[in-house]
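Novice: Submitted below is the structure of interest, expressed as structure tokens.
Every number here is computed from the coordinates shown, using simple stated rules; none is lab data. Note that the structure is predicted; figures quoted are calculated from it, not measured. Cβ placement follows ideal geometry from the backbone for every residue including glycine, while neighbour counts extend to all protein chains displayed.
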Amino acid sequence: MEEEKMSATKMELQRKEGIAVENKRRVCLVWEDLTVVTSNGRKSGEKELLKGLTGYAEPNRIMALIGPSGSGKSTLLAALAGA
């Protein structure tokens with residue numbers, strides 16, 4: 001019985017230690033001076049869809065990306081995703 005208690009305590013400590021280590025590692029998504037340019041089909045034609053955007057997203061946080069239709073929300077997400 002005593003050994004079972006010690007084993008359970010060791011497992012709990014290992015789990016707690018694992019969680020503590022896991023919480024110390026943080027990966028943030030950061031972008032600076034992000035510009036998205038597309039060709040509009042003409043010889044001279046390039047159009048800037050997004051210009052000079054800077055921001056970051058942290059883990060375990062809820063983020064809202066809001067704006068009117070056509071403001072570039074989907075373009076920003078596609079650029080951050082590498083599409």
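Novice: Given the criteria touching a Phe, Trp or Tyr at 6+ places or on another chain (Cβ under 8 Å) and either closer than 30 Å to ARG26 by Cβ or among the hydroxyl-bearing types (Ser, Thr, Tyr) (or both), does LEU76 qualify?
Specialist: No: the conditions fail for LEU76.
Novice: Let me ask you something else. Quickly run through the stretch 29-58 and pick out the residues that are in a loop (DSSP other than H, G, I, E, B) and surrounded by 10 or more Cβ atoms within 10 Å (Cβ to Cβ).
Specialist: Once the filter is applied, which keeps residues that are in a loop (DSSP other than H, G, I, E, B) and surrounded by 10 or more Cβ atoms within 10 Å (Cβ to Cβ), the stretch 29-58 yields only GLU58.
Novice: Okay, moving on. Which count do you get for residues in the stretch 41-73 that are without any contact (Cβ under 8 Å) to a residue 12 or more places away in the chain, closer than 16 Å to VAL30 by Cα and not aliphatic (A, V, I, L, M)?
Specialist: Of the residues in that region, 2 qualify.
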